[in-house]
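Student: First, the structure itself, so that you have it in front of you.
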Amino acid sequence: MIPKTMCAVLLTGHGGTEKLKYKTDVPVPEPKPHEVLIRVAAAGINNTDINTRIGWYSKKIYHSTDVAETKGVDAIDERDATWSGTPLKFPRIQGADVCGYIAAVGEGTNISRVGERVIVKNMLRSYVNYRPYECWTLGSECDGGFAQFCVAPSNETYEINGCWTDIELGAIPCAYSTAENMLHRVNLSHEKILITGASGGVGSACVQLAKLRGAYVIALCSQKKSESLKSLGADLVLNRDADLVAKLGEESVDIVIDVVGGEQWPPLLKILRRGGRYASAGAIAGPICELDMRRLYLKDLTFFGCTFQEDIVFENLIKYVESDKFRPIVAKTYPLKEIGKAQEEFLLKKHTGQLVLIPPG
């Protein structure tokens, strides 16, 4: 029996956690043609949820995510305050991660899908007719997983057969597809790779997925998290404030995967070998970096900005999950109504891995 209303968290505008309103009387969405209705079992928290809430994507913001959260959003331009550059429509149910069970289907979708345990591709292409380098983010351009129910395109909703828990699956879509996308773009093989922000959701996913490809992994994180990173497969763990040139030497790594940015960015190019590759899908320490153009062109470096994902990226991820190639670290779970507390803890960066929200059963 599908209820008429549900519990959900509504984002009512750009700002702090006070803009997140937990409601118990939100209408349950109805699936349109070729969509499915999902009863959400678990939904991970990601940087993109917080960045979208505070308007961090606006080009008027120069600070790290945590500083922008503290200082507020008076300076943002709401016209470019989302990753896609399209103004957010309020109220919006956020949540880029969805694990759940199909409760109903729209016209054109086989009724046999009801009951499937699924996860949803967080970068949705069907809504933009599969145009290159265009997609909607679940929880940004359309409502997402911070609710008891959500709708998603049937062909971008994947059944999962395997032994993982719902909570583990709820930690996967955004962080792990982001990680897989960067490694796919740089075509990582048996090479030496350095990963910044390695204890976070995307960073720890990169460590695990890079090891699947046979890479030698150097992880940057706070020293107290080094053992957890080694348990994930990191071959060498360095303090995030380490002098990389002194520790590793110039031109010592093949690839840098970076989700941090900020003031410590320039040494990353020094340690890249000639012909090396750099990929980024975030800048939690700040979006503005100093680039010596000579280091870029004289070393024949290649830069990859990684947001859009080809279909094969998520398809690869599903194969890894179903073959139990790794398990995500879930640091803690929270009931959905405690989303504000969960996001505040997320920003403290004291955990390794993911924080996951659980809607009421």
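The values are calculated or read from the model by the stated rules, or taken from the named source; none is laboratory data. Note that this is a predicted model, so its numbers are computed, not measured. Cβ atoms come from the backbone with ideal geometry, glycine included; neighbour counts cover every protein chain shown.
Student: Condition first: outside any helix (DSSP H, G or I) and within 23 Å of Val245 (Cα to Cα). Now tell me which residues in the range 194-206 satisfy that.
Tutor: Those that are outside any helix (DSSP H, G or I) and within 23 Å of Val245 (Cα to Cα): Leu194, Ile195, Thr196, Gly197, Ala198, Ser199.
Student: Looking only at residues that are of a type in the set (A, V, I, L, M, F, W, C) and farther than 19 Å from Ala41 by Cβ in the range 132-158, which one is surrounded by the most Cβ atoms within 10 Å (Cβ to Cβ)?
Tutor: The qualifying residue surrounded by the most Cβ atoms within 10 Å (Cβ to Cβ) is Cys135.
Student: From Ile257, Ile318, which residue is crowded, with 21+ Cβ neighbours inside 10 Å and either on the phi < 0 side of the Ramachandran plot or in the same structural domain as Met182 (by TED's automatic domain parsing) (or both)?
Tutor: Details: Ile318 fails: crowded, with 21+ Cβ neighbours inside 10 Å.
Residue meeting the stated conditions: Ile257.
Student: If you take the residues in the range 156-180 that are among the small types (Gly, Ala, Ser) and under 16 Å from the mean Cα position of the chain (by Cα), which one is nearest to Ala331 (Cα to Cα)?
Tutor: Ala171
Student: Right, here's the next one. Just to check your reading of the model, which residue among Ile339, Ile312, Ile284 is of a type in the set (A, V, I, L, M), modelled with pLDDT of 95 or more, surrounded by 13 or more Cβ atoms within 10 Å (Cβ to Cβ) and not in a strand (DSSP E or B)? If you could, list the steps in order and put the result at the bottom.
Tutor: Details: Ile312 fails: surrounded by 13 or more Cβ atoms within 10 Å (Cβ to Cβ); Ile284 fails: modelled with pLDDT of 95 or more.
It is Ile339.
Student: Go over the candidates Thr17, Thr48 one by one and state the one that is buried (at least 22 other Cβ atoms within 10 Å of the Cβ), modelled with pLDDT of 90 or more and out of contact with any strand residue (DSSP E or B) (no Cβ under 6 Å at 6 or more places or on another chain).
Tutor: Thr48
Student: Out of Gly85, Gly16, which single residue is in contact with a Lys or Arg (Cβ under 9 Å, 6 or more places away or on another chain), free of Cβ contacts under 8 Å to residues at least 40 places away in the same chain and either in the same structural domain as Val118 (by TED's automatic domain parsing) or not β-branched (Val, Ile, Thr) (or both)?
Tutor: Selected residue: Gly85, the only one of Gly85, Gly16 that is in contact with a Lys or Arg (Cβ under 9 Å, 6 or more places away or on another chain), free of Cβ contacts under 8 Å to residues at least 40 places away in the same chain and either in the same structural domain as Val118 (by TED's automatic domain parsing) or not β-branched (Val, Ile, Thr) (or both).
Student: Regarding the range 207-223, can at least one residue be identified that is outside the structural domain of Lys349 (by TED's automatic domain parsing), outside any strand (DSSP E or B) and at pLDDT below 95?
Tutor: Yes.
Student: Also, I was wondering about something else. Do the conditions hold for Cys174, that is, is it in contact with a Gly (Cβ under 9 Å, 6 or more places away or on another chain), closer than 24 Å to Gly200 by Cβ, buried (at least 24 other Cβ atoms within 10 Å of the Cβ) and of a type outside the set (Ser, Thr, Tyr)? It would help to see each step written out before you state the result.
Tutor: Working: in contact with a Gly (Cβ under 9 Å, 6 or more places away or on another chain): yes; closer than 24 Å to Gly200 by Cβ: yes; buried (at least 24 other Cβ atoms within 10 Å of the Cβ): yes; of a type outside the set (Ser, Thr, Tyr): yes.
Criteria met by Cys174.
Student: Tell me whether the range 104-122 contains one or more residues that are more than 18 Å from the chain's Cα centre (by Cα), loosely packed, with under 15 Cβ neighbours inside 10 Å and part of a strand (DSSP E or B).
Tutor: No; the residues of the range 104-122 include none that is more than 18 Å from the chain's Cα centre (by Cα), loosely packed, with under 15 Cβ neighbours inside 10 Å and part of a strand (DSSP E or B).
Student: I need every pair where a residue in the range 249-268 that is in a helix (DSSP H, G or I) has its Cβ under 9 Å from the Cβ of a residue that is of a type in the set (Ser, Thr, Tyr), sequence separation at least 6 or different chains.
Tutor: Sorted first by the residue in the range 249-268, then by its partner, the pairs are Gly262/Ser64; Gln264/Thr196; Leu268/Thr196; Leu268/Tyr278.
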